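Below is one structure, written out as structure tokens, with a few remarks after it.
The values are calculated or read from the model by the stated rules, or taken from the named source; none is laboratory data. Fair warning: this is a prediction, and the values are worked out from it, not measured in the lab. Here the Cβ positions follow ideal geometry from the backbone for every residue, glycine too, while neighbour counts run over all protein chains shown. These area figures cover heavy atoms from the full protein model, side chains too; ligands, DNA and RNA do not enter into them. Shrake-Rupley method; radii C 1.70, N 1.55, O 1.52, S 1.80 Å.
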Amino acid sequence: MNCEELREHYDLYALDIAEDPERGEIRAHLGRGCEVCMAGMKRALETAALIGVSAPLAEPSSQLRRRILASVGTEEGRSFGWVFALVAAALLAVSVYLVIGNRRYAQEAAQLHDQMRSQTSEITRLTEAFAILSGPRTTEASFGGAQPRPPQGKVFVNPSRGVLLIASNLPRTPADKIYEMWLIPKGAKPVPAGLFQSQDDGNAMHVRPGTVDMASTSAIAVTVENQAGADQPTTTPLIVAALPAPTP
């Protein structure tokens, strides 16, 4: 089912009363990061949360109570006390259900918001990478050695748009470590160029946007550092990509 067909079922899903196949379809769309369904569910969950918050704990007014008791007589009216007790208990149960549901909906809305923010960050990263790849003054350099399964790939450097590193055979670091990229100037200390982590399959892409002094930069390197990163490399580089000399 497409997003347009599921649009009318977002509110039912948010209230946990949607039925299959629509329920399963919405869950599948959310699972694969469908932006249309995520936006629709965010609105639906916010609406459900507002409904829960706005539902007051009600009880019969004193005027209504007096009118009912007067209409049946005092003694008979007393026998209706269990009715008011039952109504109050039911309203209390509904209020508790709404409070619990409201918390769950708020949590789901927060999760959707985090997913959307993550997707926005990824789109920005891909846009920056494409800008470097398509830049008219971009220079590329390859890396990789002869030893068994070394990290290999390419770096792309654009003087006005930044550096893009694409690697394979780069295993994930231990939990307390992370990869750090460096710009290696000629005759000067390495310059930190951002932290990144590889994927489970050993592939990695890292973008360092901004200007690069091509005339003074001789190479791009990658080391393993502590999670917080380092001001200067503390380990032997796993990747060193020597940049070609700039043309006059």
Subject >> Count of residues meeting criterion [assigned to a loop (DSSP other than H, G, I, E, B) and modelled with pLDDT of 75 or more] in segment 32-58 >> reply: 1
Subject >> Positions within segment 168-215 being under 22 Å from the mean Cα position of the chain (by Cα), hydrophobic (A, V, I, L, M, F, W, C) and exposed (fewer than 14 other Cβ atoms within 10 Å of the Cβ), in sequence order >> reply: Ala175
Original post:
Which one of these does Gly194 not meet: (1) more than 26 Å from Thr124 (Cβ to Cβ); (2) part of a strand (DSSP E or B)?
Top reply: (1)
**OP:** Taking Pro233 as meeting all but one of (1) open to solvent by 30 Å² or more (accessible area, probe 1.4 Å); (2) part of a strand (DSSP E or B), write down the number of the exception.
**Re:** (2)
Original post:
Is there a residue in segment 104-122 that is of a type in the set (A, V, I, L, M), surrounded by 11 or more Cβ atoms within 10 Å (Cβ to Cβ), part of a helix (DSSP H, G or I) and at pLDDT 75 or above?
Top reply: no
Subject >> Subset of segment 220-244 (residues that are free of Cβ contacts under 8 Å to residues at least 40 places away in the same chain and closer than 21 Å to Gly153 by Cβ) >> reply: Thr235, Thr236
Subject >> Criterion: within 23 Å of Arg125 (Cα to Cα), of a type in the set (S, T, N, Q) and open to solvent by 30 Å² or more (accessible area, probe 1.4 Å) - qualifying residue of Ser160, Ser218 >> reply: Ser160
**OP:** Considering every residue within segment 147-167, establish whether at least one is among the polar types (S, T, N, Q) and within 24 Å of the chain's Cα centre (by Cα).
**Re:** no
**OP:** Can you tell me which residue within segment 2-31, out of those that are at negative phi and not in a helix (DSSP H, G or I), is surrounded by the fewest Cβ atoms within 10 Å (Cβ to Cβ)?
**Re:** Asp20
